[in-house]
Amino acid sequence: MMPSRTLSHRGLKLAALFLLLLLAFFLDIALGPVRIPLPAVGRIILSFPGQDSSWQYIVDQIRIPKAFTAVIAGCGLSVSGLQMQTLFRNPLAESSVLGVTAGASLGVAAVMLAGGNIATLYTIRELGISGSWLITIAGCLGAAGIMLLVVVVSKTVRNNVMMLIVGVMIGTITLSVINIWQYFSAPELVKDYLLWTFGSLGGVTGSQLYILGTVTLAGLILSFLSSKMLDALLLGENYARSMGVTAQRARIIIICSTSLLAGSITAFCGPIGFIGIAVPQMARSIFSTSSHRILIPGCCLIGTVLMLLCDVIGQLPGSQTILPINIITSLIGAPAVIWIVLSKNNINIYG
């Protein structure tokens with residue numbers, strides 16, 4: 001009776017989170033600097049004819065893609081953080097510890113800080129390639145490069161703690177290279193790059209949204225298929241080996257999945273902090289389990305709701321000001337991280 005009752009309670013929690021997700025999704029579309037009546041927003045979403053053309057453009061071309069981007073980013077970042085925390089058995093680990101985020105930033109910096117050299121944005125636009133696409137491709141290549149480096153290193157390092165240290169050092173070296181590049185770049189180029197580092201959900205539209213969604217979906221499927229592997233690793237490498245799980249193979253699969261999720265989202269949206277740290281802990285507290293078959297969908301729902309609400313707050317309804325998403329996630333995520341540090345129960349989950 002107890003297991004079935006527990007499953008029923010978790011199912012109700014998942015259903016409640018899904019309803020909250022639908023509400024947050026609608027609010028993210030309905031609210032913004034331009035006031036649009038809620039009934040009009042509903043009619044536009046349902047494709048009723050005869051709506052105001054300017055309102056329809058704002059909802060269809062700006063707010064709906066931005067809301068879907070928030071859904072994708074919330075799922076990908078929270079699951080990538082969950083995997084990193086399980087792999088390193090550390091409640092404060094996230095994708096940035098492997099340098100994947102720094103790698104994407106390096107790729108973007110190579111484009112945005114290249115003014116006056118071989119590849120200026122003006123020249124690239126003259127060739128017919130949009131600047132946003134170039135930045136996205138550069139970010140993906142930067143993340144992929146660091147990912148390959150980490151995978152190569154992981155084949156020789158058998159200890160997860162040493163792997164964590166190596167990942168942090170790779171990220172530190174990458175960020176140092178970016179800082180040196182910034183120091184010798186023109187002020188206006190540095191300003192553009194700094195604006196990118198604030199993060200944005202509003203720059204992903206059209207085919208970019210489909211590509212981001214496809215890559216993130218691939219990473220999420222790989223994560224879910226690795227659920228049993230993650231459950232075994234949570235109890236330590238010795239236990240994982242006794243269950244027939246090869247720690248080195250599992251580490252490579254998890255690193256590749258995390259790099260797909262975090263690398264693509266950082267490349268398209270810029271660096272977004274704290275979601276990957278805070279959401280997995282929220283999921284563990286809400287569902288009271290360490291099973292990744294429950295935690296992964298739970299993280300997707302909680303991360304999506306949190307990202308949508310952060311976007312609603314950042315838009316400051318009724319104001320013409322839109323705050324960068326990274327600022328809002330930091331304001332909300334930092335107290336959550338403090339709670340993680342002070343909560344012995346959450347830290348004890350990792351042994």
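Would you confirm whether or not segment 261-276 contains a residue that is closer than 27 Å to residue 29 by Cβ, aromatic (Phe, Trp, Tyr), buried (at least 16 other Cβ atoms within 10 Å of the Cβ) and in contact (Cβ under 8 Å) with a residue 24 or more places away in the chain?
Checking segment 261-276: at least one residue is closer than 27 Å to residue 29 by Cβ, aromatic (Phe, Trp, Tyr), buried (at least 16 other Cβ atoms within 10 Å of the Cβ) and in contact (Cβ under 8 Å) with a residue 24 or more places away in the chain.
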Screening 43, 35 for residues that are assigned to a helix (DSSP H, G or I), more than 28 Å from the chain's Cα centre (by Cα), basic (Lys, Arg) and more than 19 Å from residue 201 (Cα to Cα) leaves only 43
Contact list, first residue from segment 79-91 and at positive phi, second anywhere and small (Gly, Ala, Ser), beta-carbon distance below 7 Å, six or more apart or interchain, is 89/351
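If you scan segment 294-332, which residues turn out to be of a type outside the set (S, T, N, Q) and surrounded by fewer than 18 Cβ atoms within 10 Å (Cβ to Cβ)?
313, 316, 317, 318, 322, 323, 327, 331, 332 - these are the residues of segment 294-332 that are of a type outside the set (S, T, N, Q) and surrounded by fewer than 18 Cβ atoms within 10 Å (Cβ to Cβ).
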Given the conditions (1) farther than 21 Å from residue 96 by Cα; (2) part of a helix (DSSP H, G or I); (3) without any contact (Cβ under 8 Å) to a residue 60 or more places away in the chain, every one holds for residue 166 apart from (1)
Note on residue 15: of the conditions (1) under 24 Å from residue 316 (Cα atoms); (2) without any contact (Cβ under 8 Å) to a residue 24 or more places away in the chain, unmet is (1)
The condition of being at pLDDT below 85 and touching a helix residue (DSSP H, G or I) at 6+ places or on another chain (Cβ under 9 Å) holds, among 289, 321, 304, 329, only for 321
Filtering segment 277-293 down to residues that are surrounded by fewer than 20 Cβ atoms within 10 Å (Cβ to Cβ) and of a type in the set (Gly, Ala, Ser) yields 285, 288, 290, 291
Flagged in segment 14-44 as in contact with a helix residue (DSSP H, G or I) (Cβ under 7 Å, 6 or more places away or on another chain), more than 19 Å from residue 72 (Cα to Cα) and surrounded by fewer than 16 Cβ atoms within 10 Å (Cβ to Cβ), in numbering order, are 33, 34, 38
Within segment 311-336, the residues that are part of a helix (DSSP H, G or I), in contact (Cβ under 8 Å) with a residue 60 or more places away in the chain and within 17 Å of residue 199 (Cα to Cα) are 311, 312, 315, 325, 326, 327, 329, 333, 334
Note: among 151, 168, 161, just one is surrounded by fewer than 18 Cβ atoms within 10 Å (Cβ to Cβ), at pLDDT below 80, under 22 Å from the mean Cα position of the chain (by Cα) and not polar (S, T, N, Q), namely 151
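The values are calculated or read from the model by the stated rules, or taken from the named source; none is laboratory data. Quick caveat, the model's predicted, so the values are computed rather than measured. Neighbour counts run over all protein chains shown; Cβ positions are idealised from the backbone, glycine included.
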